[in-house]
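Below: one structure, written as structure tokens.
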Amino acid sequence: MPRVREMLAYSFMQNAFAASGIVAVLAGLVGFFLVLRAQSFAGHALSHIGFAGATGAALIGAPPLAGMLAFTLGGGVLMGALGEQVAQRDVAIGVVLSLALGLGVLFLHFFTSSAAQATSLLFGNVLGVDAGTIRALLALAVVGLAALAAIARPLLFASLHPELAEAKGVQLRLIAMLFLAIVALAVAEASQIVGVLLVFTLMVGPPATAQMLSTRFWTALPLAALLALAEAWAGLVLAYATDWPTSFWITALSGAAYGLAALGQRRAAAG
Amino acid sequence: MTSAIRLTGVRLGVAGRMVLNGIDLAIEPGEFIGVLGPNGAGKTTLMRAILGLIAPAAGRIEVFGAPAKPGNAAIGYLPQLRGGLGAPRLRGRDFVAAACDGQLFGLPLLDRGAARAVTAALAAVGAEALADRPIAALSGGERQRLLLAQALLGAPRLLLLDEPLISLDPRRQEELVALVRRLQLRSGVTVLFSAHDLNPLLGALDRVLYLGAGEAALGTVDEVITAPVLSRLYGTAIEVARVHGRVFVLGGGAEAEREAHRHEAHDHHHAAGA
Ligand SMILES: Nc1ncnc2c1ncn2[C@@H]1O[C@H](COP(=O)(O)OP(=O)(O)O)[C@@H](O)[C@H]1O
Ligand SMILES: [Mg+2]
């Protein structure tokens, strides 16, 4: 207990808990639909596009979060506009994401001063979050969740049965664009905590685990957010206790939860 | 009385290719229409046009007297399945429920009336037992029943069922046709039921809509399933044979031959099962 009080006395730890909490809930809920739509690779690509945006912004002296948002939003809307199939077309997305990562490397090359910044962009730096960033994260999360709540119903319909949804008057392309814009927001946020290379750990791991643990939409959806939150906060505590990187602990917990759920499911299927 | 579906001089193209070329026909409310024709004849295209998803290149398509347009609540639709359904881990009930006013914005919450409607649709197709199982654990026939439950939501006056018999074994095919016929007799809904093979539908249908070579023939089985009509639709010499109340389409065209083989394969199944 005294160690917990000591940990929470540090303002950087308070900030880290607040920031990772906000991001985990957003990532878990948005990621749930990403997994449901089998578009997790598109989310991965958006994070790499965001890397180019963040490094490009740093190069011209703008805030990296703003640069990242501009690029992920642009990329998300474009992917949605090009159509459902493109967002699931692995090769095209793979080419674009490596191109974006390459651009990011080029920007970093010109912006030589900061290897530390590169590391924090790639692998996250939740212990370096300040109060201003938390306010920005909170505002973006509120916008993202409000937008998700607004389109959740046609989004679910379009994800489960696109042909019927289209016949019933759902505008598939509009919904796809709006959703990928929301994903872009969540990706930009998650990158602040776990870095662009590890957004999967918050956006895909917990939702995929939740979907294995429950077949009910209204159980699995909040469970995804809860798991993401638990993994992020437990990761922080473990990082504080061990002095190992927070991102490592979050990925380890996310992977362990997924593995255990998969094992449990296999056992249930066999028994 | 307004027709359920009326096509006037309809020309329909997909990707620059004319699929239906000048079709005139009327389908009356309460009819069970078997929609037949070789692969690529335009069965799916016609249904999508009735749904307002494809605009005709010429002519008019009216559904209950109004021009076809997307979002028509009077139509229930079971699309032709390509591959699996999304979200294999989700339970059947939530899959069906997603179609309940799924086009509205907001959260996918069901009020009590909507929840009852979902339960009723599941019960109507005998899928109560499937409601709690994940979609991945269902057989092809069980999935088709969930899709049929979705199509029944909102008490439609017209059901468009696109090849629901695909990948079902003959016994499941008979069950599904009988189920649709029962639902139709109870509610008076108009049914368009497309299929590769006429025989499973013989006991249920009122009239046949046979598509081929850009043309359509609508009439009773005796009027449409004849050598002259089918020869015109297939563009090659076709013979029709009837054996033990079953109909066999035989001919020189590759499609017709494949059809004939399919029919034979079905008969073997039947012989083995009997
Ligand atoms: N997405 C598409 N792109 C190009 N051609 C298509 C497409 N969908 C259908 N077609 C063509 O339209 C014709 C009618 O197809 P369809 O309506 O699916 O036939 P059916 O359902 O009777 O098998 C076919 O010749 C097919 O090649
Ligand atoms: Mg078809």
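The values are calculated or read from the model by the stated rules, or taken from the named source; none is laboratory data. The shown structure was predicted, so the numbers you read here are calculated from the model rather than taken from an experiment. Reconstructed Cβ throughout: ideal geometry from the backbone, glycine too, with neighbour counts over all protein chains shown.
Got a number for residues in the range B:103-116 being touching a helix residue (DSSP H, G or I) at 6+ places or on another chain (Cβ under 9 Å) and in a helix (DSSP H, G or I)?
Within the range B:103-116, the first condition is being touching a helix residue (DSSP H, G or I) at 6+ places or on another chain (Cβ under 9 Å), and the residues that meet it are B:103-110, B:114-115.
Next cut, in a helix (DSSP H, G or I) only: B:114-115.
Count: 2.
Of all the residues that make up the range A:159-187, how many are facing chain B (nearest Cβ under 8 Å) and surrounded by 22 or more Cβ atoms within 10 Å (Cβ to Cβ)?
The total comes to 9.
This table checks each residue for (1) within 13 Å of ligand 2 (Cβ to nearest atom); (2) assigned to a strand (DSSP E or B).
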position: B:Asp24; (1), (2): no, yes
position: B:Val35; (1), (2): yes, yes
position: B:Pro38; (1), (2): yes, no
position: B:Ile61; (1), (2): no, yes
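Pull up the range B:80-97, narrow it to residues that are of a type outside the set (A, V, I, L, M, F, W, C) and under 22 Å from B:Ala114 (Cβ atoms), then point me to the one that is surrounded by the most Cβ atoms within 10 Å (Cβ to Cβ).
The selected residue is B:Gly92.
Sort out which residues of the range B:220-238 are small (Gly, Ala, Ser) and not in a helix (DSSP H, G or I), and write them in order of number.
Of everything in the range B:220-238, those that are small (Gly, Ala, Ser) and not in a helix (DSSP H, G or I) turn out to be B:Gly235, B:Ala237.
For B:Ala129, are the conditions met, namely being outside any loop (DSSP other than H, G, I, E, B) and away from ligand 2 (no atom under 16 Å from the Cβ)?
So B:Ala129 fits the description; yes.
Going by the structure shown, is B:Arg82 within 29 Å of B:Arg143 (Cβ to Cβ) and part of a helix (DSSP H, G or I)?
no
Considering only the range B:100-141, state which residues are more than 8 Å from chain A (Cβ to nearest Cβ), in contact (Cβ under 8 Å) with a residue 40 or more places away in the chain and either in contact with a Pro (Cβ under 9 Å, 6 or more places away or on another chain) or among the aromatic types (Phe, Trp, Tyr) (or both).
B:Cys100, B:Ile135, B:Ala136
Determine, yes or no, whether A:Gly50 is more than 14 Å from chain B (Cβ to nearest Cβ), farther than 20 Å from A:Pro222 by Cα and out of contact with any strand residue (DSSP E or B) (no Cβ under 7 Å at 6 or more places or on another chain).
Details: more than 14 Å from chain B (Cβ to nearest Cβ): yes; farther than 20 Å from A:Pro222 by Cα: yes; out of contact with any strand residue (DSSP E or B) (no Cβ under 7 Å at 6 or more places or on another chain): yes.
Spelling it out, A:Gly50 is indeed more than 14 Å from chain B (Cβ to nearest Cβ), farther than 20 Å from A:Pro222 by Cα and out of contact with any strand residue (DSSP E or B) (no Cβ under 7 Å at 6 or more places or on another chain).
Being within 14 Å of chain A (Cβ to nearest Cβ) and within 14 Å of the chain's Cα centre (by Cα) is the filter here, so list the residues in the range B:15-59 that pass it.
B:Thr44, B:Thr45, B:Leu46, B:Met47, B:Arg48, B:Ala49, B:Ile50, B:Leu51
Condition first: within 16 Å of ligand 1 (Cβ to nearest atom) and of a type in the set (Lys, Arg). Now tell me which residues in the range B:155-205 satisfy that.
Hits for the range B:155-205: nothing passes.
Does B:Ala149 fit the bill of being within 14 Å of B:Leu176 (Cα to Cα), outside any loop (DSSP other than H, G, I, E, B), of a type in the set (A, V, I, L, M) and more than 9 Å from chain A (Cβ to nearest Cβ)?
Working: within 14 Å of B:Leu176 (Cα to Cα): yes; outside any loop (DSSP other than H, G, I, E, B): yes; of a type in the set (A, V, I, L, M): yes; more than 9 Å from chain A (Cβ to nearest Cβ): yes.
Answer is yes for this residue.
Of everything in the range B:83-99, what is more than 7 Å from chain A (Cβ to nearest Cβ) and over 15 Å from A:Ala165 (Cβ atoms)? Give them in sequence order.
Hits for the range B:83-99 are B:Gly83, B:Gly84, B:Pro88, B:Gly92, B:Arg93.
Those residues that are crowded, with 21+ Cβ neighbours inside 10 Å, more than 16 Å from ligand 1 (Cβ to nearest atom) and not in a strand (DSSP E or B), I need them from the range B:69-79; list them, please.
So in the range B:69-79, the residues crowded, with 21+ Cβ neighbours inside 10 Å come out as B:72, B:75-79.
Going one step further and asking which of them are more than 16 Å from ligand 1 (Cβ to nearest atom), we end up with B:72, B:75-76.
Correct list: B:Asn72 only.
Can you name the number of the only condition in (1) under 29 Å from B:Gly65 (Cα atoms); (2) touching a residue at least 12 places away in the same chain (Cβ under 8 Å); (3) not hydroxyl-bearing (Ser, Thr, Tyr) that B:Gln144 fails?
B:Gln144 satisfies every listed condition except (1).
Output yes when any residue across the range A:26-48 is touching a Ser or Thr at 6+ places or on another chain (Cβ under 7 Å) and small (Gly, Ala, Ser), and no when none is.
yes
Quick one: B:Arg157 ticks every box in (1) over 23 Å from A:Glu166 (Cβ atoms); (2) away from chain A (no Cβ under 13 Å); (3) in contact with a Pro (Cβ under 8 Å, 6 or more places away or on another chain) except a single one, so which number is it?
Among (1) over 23 Å from A:Glu166 (Cβ atoms); (2) away from chain A (no Cβ under 13 Å); (3) in contact with a Pro (Cβ under 8 Å, 6 or more places away or on another chain), B:Arg157 violates only (1).
Let's see how each residue does on (1) within 16 Å of ligand 2 (Cβ to nearest atom); (2) modelled with pLDDT of 95 or more:
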site: B:Ala4; (1), (2): no, yes
site: B:Leu7; (1), (2): no, yes
site: B:Glu31; (1), (2): no, yes
site: B:Ala49; (1), (2): yes, yes
site: B:Ala73; (1), (2): no, no
site: B:Gln80; (1), (2): yes, no
site: B:Gly83; (1), (2): yes, no
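I want to confirm something. Restricting to the range B:165-203 and keeping residues that are farther than 20 Å from B:Arg246 by Cα and assigned to a loop (DSSP other than H, G, I, E, B), which single residue is nearest to ligand 2 (Cβ to nearest atom)?
B:Ser167
Out of curiosity, is B:Leu7 within 18 Å of the chain's Cα centre (by Cα) and either within 16 Å of ligand 1 (Cβ to nearest atom) or within 14 Å of another protein chain (Cβ to nearest Cβ) (or both)?
Criteria met by B:Leu7.
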